[in-house]
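What follows is a short report on a single structure.
The values are calculated or read from the model by the stated rules, or taken from the named source; none is laboratory data. Since the structure is predicted, the reported quantities are computational estimates derived from the model, not experimental observations. Glycine gets a Cβ as well: all are built from the backbone with ideal geometry, and neighbour counts include every protein chain shown.
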Amino acid sequence: MRTTIMTQLQAWARQFERQSDPESDLDDEDFFLDYKLLGVASFVKHVAFEHDDLELLALASKVEMQVERVLALQNEAEHERLSAQDQSYAQHERVREACIHYFYTEPAFTVDMSKYRSMIEVAGAFSDPHKLTGLMNYIDADRVLSKIYDRVKSRLSRSTLDAGTSPSFEDVSRAYNLELAEVYRLADLHVSRVLQQYAVAAG
């Protein structure tokens with residue numbers, strides 16, 4: 001019985017060591033092996049102590065310390081992950097609040113889509129009314145501003161992730177100008193393409 005216990009304990013310890021390797025890919029992974037092994041090692045250690053079995057006591061103690069060390073490292077890694085997650089969430093919130101402030105609470109930005117509205121008016125009738133409706137929605141200033149707001153928020157969340165501070169007006173403004181330029185670039189291409197395909201030439 002003693003030999004069987006020692007052999008099984010060593011086998012479980014080796015399996016636990018393999019499972020603890022981040023690069024391991026075991027088909028028969030036992031997700032609760034750590035706590036089961038810890039319980040068994042603790043029990044065997046107690047029995048070995050009661051019977052003055054120093055060899056079994058040493059083995060059980062070694063296995064117990066091995067499991068506790070790995071669990072401590074895993075707990076530390078999980079704590080760091082959650083801490084980083086909390087910091088990331090907090091920074092996202094700071095970015096969101098700054099964007100809401102400068103876009104909506106005290107609006108500092110506007111979008112001028114009058115150029116595209118004029119292009120549509122000059123083009124006249126459309127062969128497909130749905131395309132005209134879609135194009136008018138595409139150049140709707142409120143919708144465009146909302147889209148820029150989302151993109152600025154996303155850009156600042158990425159660029160200020162490690163900053164730990166709220167973006168300044170200059171930060172928001174710089175990101176806004178970059179996104180606005182991209183919106184105009186895409187609108188130039190899209191509106192011109194739709195007008196070429198669906199606008200009915202007068203006369």
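Okay, here's what the table says:
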{"quantity": "Checking PHE103 against (1) at pLDDT 90 or above; (2) assigned by TED's automatic domain parsing to the domain that holds ASP171, the condition it does not meet", "calculated": "(2)"}
{"quantity": "Unmet requirement for THR133, which otherwise passes all of (1) assigned to a helix (DSSP H, G or I); (2) surrounded by 13 or more Cβ atoms within 10 Å (Cβ to Cβ)", "calculated": "(2)"}
{"quantity": "Per-region count, the stretch 147-190, residues among the polar types (S, T, N, Q) and either in a helix (DSSP H, G or I) or more than 22 Å from GLN91 (Cβ to Cβ) (or both)", "calculated": "5"}
{"quantity": "Complete set of residues in the stretch 185-203 that are under 32 Å from the mean Cα position of the chain (by Cα) and buried (at least 16 other Cβ atoms within 10 Å of the Cβ)", "calculated": "ALA187"}
{"quantity": "Hits in the stretch 107-161 (condition: of a type in the set (Ser, Thr, Tyr) and within 28 Å of the chain's Cα centre (by Cα))", "calculated": "SER146, TYR149, SER154, SER157, SER159, THR160"}
{"quantity": "Hits in the stretch 12-64 (condition: in contact with a Lys or Arg (Cβ under 6 Å, 6 or more places away or on another chain) and modelled with pLDDT under 75)", "calculated": "SER24"}
{"quantity": "Every residue from the stretch 82-96 that is farther than 20 Å from ASN177 by Cβ and either surrounded by 13 or more Cβ atoms within 10 Å (Cβ to Cβ) or polar (S, T, N, Q) (or both)", "calculated": "SER83, GLN85, GLN87, SER88, GLN91, HIS92, ARG94"}
